[in-house]
Amino acid sequence: MPPIFSPRVTPPLVLSFAASDPTGGAGIQADLLTFASMGCHPLTVITALTVQDTASVDSILVIDAEWVMDQARMLLEDVPVAAFKLGMLGSPENIAVIAEILSDYPDIPVILDPVLASGGGDELASDDMIAAMRDMLIPQTTVLTPNSHEARRLALFESEEDDLDLPACAAHLVELGCEYVLVTGTHENTPRVLNSLYDANGHVQTDAWDRLPGSYHGSGCTLASAIAATLAYGQDVPLAVREAQNFTYETLKAAFRPGMGQYIPERFFWAQDNQTEGNA
Ligand code: PXL
């Protein structure tokens, strides 16, 4: 009997460690949609469940670190992963087991979105988690993607200084051991949004984007996942970062508002009839 479906080439597999957002705007759902829209197959390790709507986060159930480890180990024994993407991780214990797993795969790129707060402003990471990220994850990271608030908080954590400019914060984060830092500038008071990439030699590139009027739920998750997907296809980091910003900008232009809170990025903007209109 011939097979009903012809065998297909396996797309790049991208593994996301992240938390569930029932709105589908942020979290693991954002990652899944982004990977799929960019031609990658999503693999997922759930680190926490959240109760939330498009306006705010109500509660968080952290998944036990042993379960996080088992989800990842069983999967990684079976399938080859082209990139790791890390979002909201839930606890310092989860960070420790994820760091241990990553250390067994030193050649696979790691994109770390250091989720410290939700788009609506709810805290999503404790000081213990910030310390654990700095100590255990940043040294294994290929591209760290903080927004400007997160860049300052991560760089100035337990430091005597309280006022470094963003290039100095980025330099400090690179000193902690990541290869590249992409600091996003949505929260800065500039006419256009300036996203700047840094490495050990300093500034690499800045991309400028028109400010869009909406407030978005999951834009950071989309950007970090798009970088992971582009790296999974073998692109080098500066080009991957630029292409991922392009993709994210299109998702924001086509964003929709399903409830009473923030807009949700449309990761399948290219499949929409009204894709040029946008409704943000
Ligand atoms: O946007 C950051 C983020 C990541 N992961 C989860 C979230 C949020 C923001 O709300 O809920 C699960």
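In table form, for the structure just shown:
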quantity	calculated
Meets criteria (within 15 Å of the chain's Cα centre (by Cα), touching a residue at least 24 places away in the same chain (Cβ under 8 Å) and not in a helix (DSSP H, G or I)) for Val204	no
Answer residue from the range 107-120, given it is farther than 18 Å from Leu231 by Cβ and buried (at least 18 other Cβ atoms within 10 Å of the Cβ) and is farthest from the ligand (Cβ to nearest atom) among those	Leu116
Filter pass, Val115 being under 26 Å from Ala65 (Cα atoms), among the aliphatic types (A, V, I, L, M) and not in a helix (DSSP H, G or I)	yes
Of residues in the range 196-222 being within 16 Å of the ligand (Cβ to nearest atom) and touching a Phe, Trp or Tyr at 6+ places or on another chain (Cβ under 8 Å), the one modelled with the lowest pLDDT	Gly214
The range 228-265, subset crowded, with 24+ Cβ neighbours inside 10 Å and of a type in the set (S, T, N, Q), residue farthest from Leu15 (Cα to Cα)	Gln262
Qualifying helices (runs of 4 or more DSSP H) (wholly inside the range 125-198; at least 3 residues being farther than 27 Å from Val62 by Cβ and small (Gly, Ala, Ser))	166-175
Leading residue by the ranking (surrounded by the fewest Cβ atoms within 10 Å (Cβ to Cβ)) among those in the range 87-106 that are touching a strand residue (DSSP E or B) at 6+ places or on another chain (Cβ under 8 Å) and over 16 Å from Ile227 (Cβ atoms)	Tyr105
Matching residues in the range 232-270 - criterion: being of a type in the set (D, E, K, R) and within 16 Å of Tyr216 (Cβ to Cβ)	Glu250, Lys253, Arg257, Glu266, Arg267
Residues (free of Cβ contacts under 8 Å to residues at least 40 places away in the same chain and either over 19 Å from Ile28 (Cβ atoms) or of a type in the set (D, E, K, R) (or both)) located in the range 85-107	Glu93, Glu100, Ser103, Asp104, Tyr105, Pro106, Asp107
2 or more residues modelled with pLDDT under 95, within 15 Å of the ligand (Cβ to nearest atom) and of a type outside the set (S, T, N, Q): qualifying helices (runs of 4 or more DSSP H) within the range 1-106	none
Restricting the range 15-35 to residues that are of a type in the set (A, V, I, L, M) and within 12 Å of the chain's Cα centre (by Cα), the residue that is farthest from Phe84 (Cα to Cα)	Ala26
Candidates Asp207, Asp199 - the one that is more than 21 Å from Leu32 (Cβ to Cβ), acidic (Asp, Glu) and touching an Asp or Glu at 6+ places or on another chain (Cβ under 8 Å)	Asp199
Hits in the range 164-205 (condition: of a type in the set (Ser, Thr, Tyr) and either within 26 Å of Gln140 (Cβ to Cβ) or touching a Cys at 6+ places or on another chain (Cβ under 8 Å) (or both))	Tyr180, Thr184, Ser196, Tyr198
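The values are calculated or read from the model by the stated rules, or taken from the named source; none is laboratory data. None of the values given here were measured: they were computed from a predicted structure. Cβ atoms come from the backbone with ideal geometry, glycine included; neighbour counts cover every protein chain shown.
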